[in-house]
Amino acid sequence: MTFSGVRPHVLGNYLGTDGLRRKDLPELRIGRDDVASSHSPALVVVRPELSKARHGYLTFLGEEGCGSLREHLAERLARGEALGPETDLIHVRNVDKPFFRALNVSDAVRTAFQAGGFTGQRP
């Protein structure tokens, strides 16, 4: 959210059954043991089913966000996880659902805002 400006629902829908997938970053390249992006900022394709207005759109993930995502995916590769086109980008550990629920994303952002002294702010 921070580096691409997407809404919480893009990362994970209300039920945690869909969200941003590897295929939604077409410039992301995943090898056997490394992760790379052919461009920075990287293109992010938000599918219509993840869009609030139900129409697809494009946004970008900046350099810092690309670096964080590469590290996260490289860690998952190192643990032996297979990362195909349908793989969730933001992985929830120790939970049966592959995606965050939008409410959990909003709660985490709200908690971070409050810890930083920003009260009354919305994710």
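Miscellaneous remarks
- Whichever residue in segment 96-121 is closer than 20 Å to GLY19 by Cβ and free of Cβ contacts under 8 Å to residues at least 40 places away in the same chain and, among such residues, is surrounded by the fewest Cβ atoms within 10 Å (Cβ to Cβ): ASP96
- Scanning segment 85-121 for residues that are over 14 Å from HIS9 (Cα atoms) and over 15 Å from the mean Cα position of the chain (by Cα) yields a count of 15.
- Contact map, segment 1-22: first residue aliphatic (A, V, I, L, M), second residue not in a loop (DSSP other than H, G, I, E, B), Cβ cut-off under 6 Å, separation 6 or more or different chains; pairs are VAL10/VAL46; VAL10/LEU50; LEU11/VAL105; LEU20/VAL10; LEU20/LEU11.
Where a number appears in this text, it was derived from the coordinates with a stated rule and is not lab data. A quick note: this is a predicted structure, and the numbers were derived from the prediction, not measured. Because the Cβ atoms are built from the backbone with ideal geometry, glycine has one as well, and the counts that use them run over all protein chains shown.
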